[in-house]
Amino acid sequence: MERRSVLGGVGFGLVGAASLLATSRAQAQDKSFTVALVPGLTTDAFYITMHRGAQAAAKALGVKLVFQGAPAFNPVEQVPVLDAVIARRPDALLIAPTDKVQLIEPLRGAFNAGIPVITVDTYIGTGVYQTGSGNADFPLSYIASNNTLGGQMAARALAKAIGGKGKVYVSNVQPGVSTTDERQEGFISEMKKDYPGITVLNTQFNDDDANKAASQAQSVLARNSDLAGIFGANLFSAMGAANGIQQGGSAGKVKVVAFDAPQTIIGNIKSGLIDIAIAQHPAEIGWFGVAAAYAHLTGQSIPPAIATGFTVIDKSNVDDADIQKFIYTS
Ligand code: T6T
């Protein structure tokens, strides 16, 4: 009798525990978090790959992920998208701000609405957050490549490709974008420091338009028949510069170092049009973005900066199996 009642008790306990588990799972589901990811633009393989990494983390953590962005990389188109996202009151916001100054006030709107903000890829202000100083330290964390270092790496690669002498220039997006500003600064300072035989011509700004970057490459080439190399500071700048050089009949003669690694750039490395690509790890940025948001939403502390890595791709490793995961998804 005694024994039966004990067993009965255990049985009841198991049933009770199971229903408790089910209830807490239901409650957890009720509380499942929505994280919004606002990219620099939606059709860029870099942000598409970032989205893929974010989706993987969201799936693992049971987070609902919303991906909403503008069709072009500029504040005029990004801010209305951001406002619409804020109106939907996500539990946290991941965003790649398209201008380090112009996005401060729109993002303060999210902060004032109680939405935790984490910037991915690009930053606002100085990118140094949670310091208690300045007008743009309210985001919780900045998750990105070390872009100054990336620019320095590009300078060394281009200097090597052109034998340490000649004229080069940076093909860039537009001033005010934290990532590409830092790549340019890193590139120019490294050239000045270590390569006295290299002349860096004026930067050409293309508004993230590969066609514009291509015609600029042809114009610079027309003015400087001895042009030795170009640093394409992002995906569209690099693709455009390489096309311009090809159209100008100088493929292989003018060396191109690319930031970013979509399929097209990989193809250009194989054909010899581009010498080196510095691949960022956008999936890693997206993954850590969602993980950091989730950590914060569940009461953990998160670091104010998380640096993700690079993989340098050239002809020697472009077909290696372990390189393939760093090629961006289209
Ligand atoms: O290079 C990336 C990104 O890091 C940058 O902020 C903007 O351009 C890209 O999205 C590539 O197009």
Quiz prompt | Yes/no for A155 being more than 16 Å from the ligand (Cβ to nearest atom) and touching a helix residue (DSSP H, G or I) at 6+ places or on another chain (Cβ under 6 Å) | solution = yes
Quiz item: Which ranges mark the strands (runs of 3 or more DSSP E) fully within the stretch 104-176 that have 1 or more residues being open to solvent by 10 Å² or more (accessible area, probe 1.4 Å)?
Solution: 141-145, 166-172
Quiz item: What number of residues within the stretch 83-97 satisfy the criterion of being open to solvent by less than 60 Å² (accessible area, probe 1.4 Å), among the aliphatic types (A, V, I, L, M) and more than 16 Å from the ligand (Cβ to nearest atom)?
Solution: 5
Quiz item: Yes or no: A238 open to solvent by less than 10 Å² (accessible area, probe 1.4 Å), within 16 Å of the ligand (Cβ to nearest atom) and assigned to a helix (DSSP H, G or I)?
Solution: yes
Quiz item: Looking at (1) open to solvent by 50 Å² or more (accessible area, probe 1.4 Å); (2) away from the ligand (no atom under 15 Å from the Cβ); (3) in the same structural domain as D207 (by TED's automatic domain parsing); (4) assigned to a helix (DSSP H, G or I), which is the one condition that is false for S225?
Solution: (4)
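The values are calculated or read from the model by the stated rules, or taken from the named source; none is laboratory data. What you see is a predicted model, and the numbers here were worked out from it, not measured in a lab. Positions of Cβ are generated from backbone atoms using ideal geometry, with glycine treated the same way; all protein chains shown enter the neighbour counts. These accessible areas exclude ligands, DNA and RNA; they are computed on the full protein's heavy atoms, side chains included. Shrake-Rupley method; radii C 1.70, N 1.55, O 1.52, S 1.80 Å.
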